[in-house]
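Throughout, read-outs are computed from the coordinates displayed, never taken from laboratory work. The structure presented is a predicted model; accordingly, all values stated were derived computationally and were not measured. Every residue, glycine as well, gets a Cβ built from its backbone with ideal geometry; the counts of neighbours run over all protein chains shown.
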Amino acid sequence: MDSEVKEKIASSWNSHAKEYDLQYAHGLKSSREEEEWKRALEKIIGADRKKVLDVGTGTGFIAILLAEMGHVVKGVDISEGMMEEARTKAEGKNLSIRFEYGDAENLGEPDDAYDVVINRHLLWTLQYPEKAVREWIRVLKPGGKLVVIDGDWFYTKPSYFLSVFLGKLLVALTEFRNPWNNKSDYDRTLKKKLPMIRSKNARNAVSLVEKCGLKNIRATGLEEVERAEKSAMPLKQKLLNPHKRMVIEGVKP
C-alpha cells in the first residue's frame, strides 16, 4: 500500500474510532448478536485452542470474541486510534490480547506462524488485495486456515440503492440532519485507489482468494448473525444496512 494512501486510511479510522462501536453492524448491540457471532466463529475455526492473527483488527471485534472463546490472539492494524479502543475493551474484560501496528500487505510476521489468519470488513479497504491475501497465507502454518469476512457493500444492486435511500430519508426526517453528507467516508480520490470498492471486483472476492493457492475454498453466509443484528435495529437502520456478509475460507497446503 502506498504510504500516502495508508496514511489517509489510518487517519480516517483514527478520526472516528471513538464512535465506531456505536454504529449498527459494527459494534455488538445485544447478547443474542454476541452469541451468534461466537457460534459462527466456532463453526468456522473449531473449538480447540488456536493461535490466531486478526488482521485489520480495528476496535478488536473479532480478536476479543476469539480470546473469550479461549484462543491465543494477536490483533494488528494501521490505525492506532482504533487499537486504543481495542486495548481498552480487552483490559476491561481482563483479556490478554496483543494489539500492535501491522500493515495488512506487509505484516512483518514470521512464515508459518499461525493456525488461523482472520479479518472482518478489511478486504475493501486495501489498495493491493491480492498482495495482502498472499501475505496472510505466508504467515499461516501448513494446514492453517484463512478466514475473510466481508460483505456485498459495493455490489451494484438497485434494491440496495433503494433501501439505503429510504433509510437516509427516514434519518433526515427523524433526526433533522443531512445523512448524505458522510464526513467519515473516504474521499473520491482515495476510493479510486481501492479496487475492491468496484462492484465487479467485489463480486470476484472468492476468485481472488482462489488464485492465491489455498485449497478447500468455500464461501458461506452469516444469516443467523445478520438476523440477530437486524433484530436490534430500528427500521431506518435496517433500511441503511440491507447488505449480506460472506465468509471465505481456505486452507494452506
**Request:** Find the residue count for region 89-116, including only residues that are under 25 Å from Ile248 (Cα atoms) and small (Gly, Ala, Ser).
**Result:** 4
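Taking the stated definitions as given, is Leu166 in contact with a Leu (Cβ under 6 Å, 6 or more places away or on another chain) and touching a residue at least 24 places away in the same chain (Cβ under 8 Å)? Talk me through it step by step, then tell me what you get.
Working: in contact with a Leu (Cβ under 6 Å, 6 or more places away or on another chain): yes; touching a residue at least 24 places away in the same chain (Cβ under 8 Å): yes.
For Leu166, the condition - in contact with a Leu (Cβ under 6 Å, 6 or more places away or on another chain) and touching a residue at least 24 places away in the same chain (Cβ under 8 Å) - is met.
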**Complete:** Exception for Leu28 within (1) in contact with a Gly (Cβ under 6 Å, 6 or more places away or on another chain); (2) within 26 Å of Met196 (Cα to Cα) falls at (1)
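Within region 52-90, can you find the residues that are among the charged types (D, E, K, R) and either within 19 Å of Gly144 (Cβ to Cβ) or surrounded by fewer than 23 Cβ atoms within 10 Å (Cβ to Cβ) (or both)? Walk me through how you get there before you give the answer.
Of region 52-90, the ones among the charged types (D, E, K, R) are 54, 68, 74, 77, 80, 84-85, 87, 89.
The answer is Asp54, Glu68, Lys74, Glu80, Glu84, Glu85, Arg87, Lys89.
Conditions (1) more than 19 Å from Lys43 (Cα to Cα); (2) in contact with a Gly (Cβ under 7 Å, 6 or more places away or on another chain); (3) touching a residue at least 24 places away in the same chain (Cβ under 8 Å), marked per residue:
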site: Lys192; (1), (2), (3): yes, no, no
site: Arg198; (1), (2), (3): yes, no, yes
site: Arg203; (1), (2), (3): yes, no, yes
site: Glu223; (1), (2), (3): no, no, no
site: Glu229; (1), (2), (3): no, no, yes
site: Met233; (1), (2), (3): yes, no, yes
site: Val251; (1), (2), (3): no, yes, yes
**Message:** I'm checking my understanding of the structure. Among residues of region 91-125 that are crowded, with 22+ Cβ neighbours inside 10 Å and over 17 Å from the mean Cα position of the chain (by Cα), which one is farthest from Gly27 (Cα to Cα)?
**Reply:** Tyr114
**Conditions (1) crowded, with 19+ Cβ neighbours inside 10 Å; (2) under 18 Å from the mean Cα position of the chain (by Cα): number failed by Ile44** = (1)
